[in-house]
1. Which numbered condition trips up N213, out of (1) closer than 26 Å to A109 by Cβ; (2) surrounded by fewer than 19 Cβ atoms within 10 Å (Cβ to Cβ)?
2. Test S144 against the stated conditions and say whether it is at pLDDT below 90 and farther than 23 Å from A109 by Cα.
3. Identify all residues within region 186-214 that are farther than 22 Å from E155 by Cβ, assigned to a helix (DSSP H, G or I) and among the polar types (S, T, N, Q); write none if there are none.
4. If you go through region 160-182 one residue at a time, do you hit one that is among the β-branched types (V, I, T), buried (at least 18 other Cβ atoms within 10 Å of the Cβ) and modelled with pLDDT of 90 or more?
5. In region 135-147, is there at least one residue being under 30 Å from M47 (Cβ atoms) and within 23 Å of the chain's Cα centre (by Cα)?
6. Hey, any hits in region 116-127 for a residue that's surrounded by fewer than 18 Cβ atoms within 10 Å (Cβ to Cβ), in a loop (DSSP other than H, G, I, E, B), on the phi > 0 side of the Ramachandran plot and modelled with pLDDT under 90?
7. Kindly indicate which of E17, E57 is at pLDDT below 85 and either of a type in the set (D, E) or not assigned by TED's automatic domain parsing to the domain that holds L112 (or both).
8. For S8, indicate whether it is over 21 Å from the mean Cα position of the chain (by Cα) and among the polar types (S, T, N, Q).
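The values are calculated or read from the model by the stated rules, or taken from the named source; none is laboratory data. Please read these numbers as outputs of a predicted model, since none were measured by experiment. Cβ placement follows ideal geometry from the backbone for every residue including glycine, while neighbour counts extend to all protein chains displayed.
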Amino acid sequence: MVCATQGSFLHVINGAERVQSAGEIILIRETDVHRLAGKDFTYINVMFLPVWLRRLERFIQLSEMDDALLQAPAVPYATIPVSERKSYQADLDQLLMNSTSHHGRCLFAAFLLTMVGFHLAPPCDHDFPAGLPDWLKKTLSWISEDRQNIPALAEIIRHSCHCHEHFTREFSRHMGTTPSNYLTGLRIDRAAEMLITTNNKLADIALTAGFENESYFFRAFQRRKGTTPSKYRKLYGPRSIQ
C-alpha cells in the first residue's frame, strides 16, 4: 500500500497517471508497475504478503474479497475521511516504530483491517427485499453512497420525492422497520466501525455518527450490540484481531 501522508504527487501506475494526495491509499499488486514523481510530498510504503489478505478475508467473512482486490482491472484506492486522518497518521507512525517487533504484527493486523476492510474492499451488492419499489431502491442506494455521512430523515424524504406520510408508510411496510430505526442502525454500525478503527473519544464518535444526545447513543448502542461502546472496543479492537 502506498500511503500518502503530506502534499501530493504524480503516481504513474501501469502507464496511467493519477495525482495522489495526502490521505489517499493505493494498493499496488505484484503485477503492477508504478513510479512516483513530484516534490514536497511524503508517503509510506506498507509492504505485506498476499496471504495477509486471505487471512483478513476469512476474519471478516467477506468471500472473494481477495480476488476482487488482486484481480481488479484498475488498482484499488481509497480516500481516508478527514475525521479519521489523525488516527490514520498515528497508525502509520506506530507501524514505523514497531515494524520489526511482535507488537508490530498486531498493529499491522489492525491497520490492514481498517485500510482494506473498511476502505479498499469493494462494496457489497444491495440485497433488497422482494417487491421493493424502484424509488425506494434508489433512495436506499443513495443513503449508502457516502458511508461516512448518514443523511437526516428529512433530507432522505426530500430525495425520495414523496411526502412524509407516504414515505414512512411504504418504508415500514417493505423494510419491516421504521425509517428512524433503520437510520439508527446505520449510525450504530458507523459508530462501531470507528470504535475499532480509531482512538477517538466516545463523545466524538457519537457526534460523528449522527447522535446529538450522548446518553441516547449509549442506550441505543447497548440495545443493538448487546454491550457498551467501551466494552465493544475492547472486544473487537486490535487485540482481538491478532
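1. Against the list (1) closer than 26 Å to A109 by Cβ; (2) surrounded by fewer than 19 Cβ atoms within 10 Å (Cβ to Cβ), N213 comes up short only on (1).
2. Judged against the criteria, S144 is a match.
3. T197
4. First, the residues of region 160-182 that are among the β-branched types (V, I, T): 168, 177-178.
From the residues that got through so far, the ones that are buried (at least 18 other Cβ atoms within 10 Å of the Cβ) too are none.
No: zero hits.
5. Looking only at region 135-147, we keep the residues that are under 30 Å from M47 (Cβ atoms), and these are 147.
Still in the running and within 23 Å of the chain's Cα centre (by Cα): 147.
Looking through region 135-147, at least one residue is under 30 Å from M47 (Cβ atoms) and within 23 Å of the chain's Cα centre (by Cα).
6. Within region 116-127, none of the residues are surrounded by fewer than 18 Cβ atoms within 10 Å (Cβ to Cβ), in a loop (DSSP other than H, G, I, E, B), on the phi > 0 side of the Ramachandran plot and modelled with pLDDT under 90.
7. Matching residue, one of E17, E57: E57.
8. So S8 fits the description; yes.
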